[in-house]
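The values are calculated or read from the model by the stated rules, or taken from the named source; none is laboratory data. This is a predicted model, so every value here is computed, not measured. No Cβ is skipped: glycine too gets one built from the backbone with ideal geometry, and neighbour counts run over all protein chains shown.
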Ligand SMILES: [Zn+2]
Ligand SMILES: [Zn+2]
Ligand SMILES: [Zn+2]
């Protein structure tokens, strides 16, 4: 082969490789469909400006995983805002897409009670796979109204095992146990591998120090880390904060301060309490942290996965 022909062939191969990489990268994506702590915003009973003055509800934290090759989307958590979030998803996807599965992190109201709308009083869904850890599964099986969803086959429970990946179309989803106030269930976060990128989703954890893993190491393994940003700092709510432990954003950024900027840029805080001052886009501390590379999750953000 002449050197000109060889160069041409080499060029073609490079083009084909980059085109297939592009297609690959577009096969899966994620859509942020909620960013708030379990109570959402407005939160019931809050008469302060954080809730009284808002015009539009901010939905409870959830992410839709979109699998374009198979025309389905999966939900991470079933929030009390699921009906509006469903509408939001269909405003950004062709109507040919179907709801696939739901993955639940734990048994606190913001993370599973949306399941009620899959029942006969509302959607009357048919056999939607709901992936749960064993204790969460028992809780749903043994308590109404959730047990009725199972009995009437609106949902179909699938049991997850710690650190064992589930392959679902173009996604691989792995549950990771995290320490949290586990009154009704254990609590997990998820590591998700898409066609091109990966995501860590931990909306609730008590404190990073209580975890048997290092946050920095877990962030280094993924492209995006959507993590607990419930409170900015202590004293934010008028009740003992040790009863509702979360890593303060101020603590998390101290913990990650030695990381290179390229790693810090993977962090997206989410699951904000209505009182979190960093919900204000022009808050000086939010602007400072954004300059350091951190992101604040926004409903409607779509990222390639
Ligand atoms: Zn929560
Ligand atoms: Zn409020
Ligand atoms: Zn919780």
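Does residue 46 count as under 23 Å from residue 228 (Cα atoms), in a loop (DSSP other than H, G, I, E, B), touching a helix residue (DSSP H, G or I) at 6+ places or on another chain (Cβ under 9 Å) and within 16 Å of ligand 2 (Cβ to nearest atom)? Yes. When residue 136 is tested against (1) part of a loop (DSSP other than H, G, I, E, B); (2) within 16 Å of ligand 3 (Cβ to nearest atom), exactly one condition is not met: (1).
Among the residues of segment 27-43, just one is assigned to a strand (DSSP E or B), more than 12 Å from ligand 2 (Cβ to nearest atom) and over 13 Å from the mean Cα position of the chain (by Cα), namely 28. Could you check segment 265-294 and list, in sequence order, the residues that are farther than 12 Å from residue 36 by Cα, surrounded by 20 or more Cβ atoms within 10 Å (Cβ to Cβ) and out of contact with any helix residue (DSSP H, G or I) (no Cβ under 8 Å at 6 or more places or on another chain)? Selection gives 268 alone.
If you check residue 117 against the conditions, is it more than 28 Å from residue 247 (Cβ to Cβ), buried (at least 23 other Cβ atoms within 10 Å of the Cβ) and modelled with pLDDT of 95 or more? No; evaluated as a whole, the condition is false for this residue.
State the number of residues belonging to segment 52-82 that are in a loop (DSSP other than H, G, I, E, B) and farther than 17 Å from residue 132 by Cβ.
Step one: list which residues in segment 52-82 are in a loop (DSSP other than H, G, I, E, B), which gives 53-57, 59, 61, 68-71, 77-81.
Now restrict to residues that are farther than 17 Å from residue 132 by Cβ: 53-57, 59, 61, 68-71, 80-81.
Count: 13.
Of the residues making up segment 90-114, those that are more than 15 Å from ligand 1 (Cβ to nearest atom), in contact (Cβ under 8 Å) with a residue 24 or more places away in the chain and either under 16 Å from residue 57 (Cβ atoms) or surrounded by 23 or more Cβ atoms within 10 Å (Cβ to Cβ) (or both) number 1. Per the conditions (1) more than 16 Å from ligand 3 (Cβ to nearest atom); (2) in contact with a helix residue (DSSP H, G or I) (Cβ under 8 Å, 6 or more places away or on another chain), the sole criterion not satisfied by residue 261 is (2).
Of all the residues in segment 83-115, those that are assigned to a helix (DSSP H, G or I) and under 20 Å from residue 187 (Cα atoms) number 7. Only a single item in (1) away from ligand 2 (no atom under 16 Å from the Cβ); (2) in contact with a helix residue (DSSP H, G or I) (Cβ under 7 Å, 6 or more places away or on another chain) is not met by residue 111, and it is number (2).
Residues of segment 27-49 being touching a strand residue (DSSP E or B) at 6+ places or on another chain (Cβ under 9 Å), more than 16 Å from ligand 3 (Cβ to nearest atom) and modelled with pLDDT of 95 or more, which ones? Scanning segment 27-49 gives 28, 29, 30, 31, 32, 33, 41, 42.
Counting just the residues of segment 222-236 that are surrounded by 15 or more Cβ atoms within 10 Å (Cβ to Cβ) and either out of contact with any helix residue (DSSP H, G or I) (no Cβ under 9 Å at 6 or more places or on another chain) or without any contact (Cβ under 8 Å) to a residue 12 or more places away in the chain (or both), which one comes out nearest to residue 271 (Cα to Cα)? Checking each candidate, the answer is 226.
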